[in-house]
Structures are given as C-alpha cells and as structure tokens.
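A short write-up of the structure that comes next.
The values are calculated or read from the model by the stated rules, or taken from the named source; none is laboratory data. Note that this is a predicted model, so its numbers are computed, not measured. Ideal geometry is used to build each Cβ from the backbone, glycine not excepted, and the neighbour counts take in all protein chains shown.
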Amino acid sequence: MTNELILRKLKAVGANIAMVPENIGEVLAKYGRITTDENVYIFLANVLNETGGFKLFVENMNYTTTAQLIKVFPRAFVRKNYNPVEYLRSPAKLGNLVYDSRIFPNLGLGNDRDGDGYKFRGRGFIQITGKFAYSAISKRIGVDFVSNPDLLATKEYALLTALDYWNKTKMGDAGSLIAARRIMAGIKSGVPEGYSTVLNYYNKLKAA
C-alpha cells in the first residue's frame, strides 16, 4: 500500500497524521515486513487504538477519580490497600507507585530505583513500559531509550519500536485481527481488551 493511500485512510478515520511519517508505507514494508493490505489494516488498527488516533504517545497518569484508579490499578489500590485519594492528580507519584518493581516484582518491569516508575511509563505507538522493555528495545533498535525515554514518543521511533514489537511477537503471522489483538493484550483466548475499538478502526480503514 502506498504512502499516499495510507495517509489518506488515516486522515479519513480522524487520525492525527502530523504524528505519522510521510513514508509510512515504505517503513512498514522495510522494518515490519508488512506488505499485504490486510496486515497494514491490522497493524494500524491496533496502534490507532493504543494512541487514541495518534493523539496520545505518552501514558497519561493524571487520574481525577478514585474509581478510575481502582479500576485500572487494582493491584495497588485493592490488593495492596494504598489510599487512592493520595494519588489523584499526581502523575509522577502514581507512576512511581504502580510501576515500582520493588513493590510489584511480578510485573517484570525492572524499575528498581526511585523515579523509575514514572520515568519509564508507557510511550510510543504501543505504550512500551518499564526499564527492562526500554533497555531491550534500545539494544534491538540501536538507540539509547533508557537515557532518552522521550525519544519513544517521537513519530519516527514510536513507529519503529511498534514494528519491532510486531516482528518480535509475530503479530503478522497471527492470521486474523482478533488473534493479533490477543497477542498485544497478552492473552491466548477470548475477546481481548480494546477489541471493539480496534475492530471499528479496522473497518473504517478498509472502507476509507
């Protein structure tokens, strides 16, 4: 699929194309080996969902209600009984709690120093999270995202790191939209979180 056609389709679904490289079609083919229209739609539908239409490239940790905090982070505010009121409208404080590997070692994030949780919050087209993930993708891409985490939120590296994830997890071999979404959601069966939005983007992209 050509660069022009992809950009036209993205614009038609309301995406923020200012955050999309003009040579996106070439990048998808070269770095993601995404050469079929079907896989273009699957990839774009998933990253559009993750970024709210290419509008959010850094995880928003500014929560305004306790109900939101409890729903999104039950491990901290239900199982560990932290007081959610203390974390309202406190993005850094919240990130440094919920993504602290010293408190939640089972998450496997590698955030072992004060400030790591917020520093290595989700960024990019697929919300890469945690120092371990930043370090691993730095080695594969050849860019130091650990020292420069905000690079992941730029349009160039947001796309390249998403394609790295696509290749690493073999999403392109999933065979269907829902199977690819399950890979991104980390489940093997059932309807993955966010699937209805992904499906909506997928259908709109095909029709555009």
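Taking the numbered list (1) among the hydrophobic types (A, V, I, L, M, F, W, C); (2) farther than 23 Å from THR154 by Cβ; (3) crowded, with 16+ Cβ neighbours inside 10 Å in turn, ALA67 passes all entries but (3).
When region 16-35 is filtered for residues that are in a loop (DSSP other than H, G, I, E, B) and in contact (Cβ under 8 Å) with a residue 40 or more places away in the chain, the ones remaining, listed by number, are VAL20, PRO21, ARG33, ILE34.
Scanning region 165-181 for residues that are surrounded by 13 or more Cβ atoms within 10 Å (Cβ to Cβ) and either within 15 Å of VAL40 (Cα to Cα) or more than 14 Å from the chain's Cα centre (by Cα) (or both) yields a count of 11. Cβ-Cβ contacts under 9 Å between residues 6 or more apart (or on different chains), taken from a first residue in region 118-132 that is free of Cβ contacts under 8 Å to residues at least 12 places away in the same chain and in the same structural domain as ASN96 (by TED's automatic domain parsing) to a second residue that is surrounded by 24 or more Cβ atoms within 10 Å (Cβ to Cβ) and part of a loop (DSSP other than H, G, I, E, B), are absent.
Could you tell me which residue of region 127-164 is surrounded by the most Cβ atoms within 10 Å (Cβ to Cβ), considering only residues that are acidic (Asp, Glu) and under 29 Å from ASN200 (Cβ atoms)?
ASP164
Checking each residue in region 138-194 for being among the small types (Gly, Ala, Ser) and touching an Asp or Glu at 6+ places or on another chain (Cβ under 6 Å) picks out SER138, ALA185. Each residue in region 72-118 was checked for being within 14 Å of ASN60 (Cβ to Cβ), among the hydrophobic types (A, V, I, L, M, F, W, C) and part of a helix (DSSP H, G or I), and 4 pass. Per this entry, LEU56 is counted among residues that are modelled with pLDDT under 95 and within 30 Å of TYR202 (Cβ to Cβ). Mind checking whether some residue in region 36-44 is part of a helix (DSSP H, G or I) and over 16 Å from ASN200 (Cα atoms)? Yes: one or more hits.
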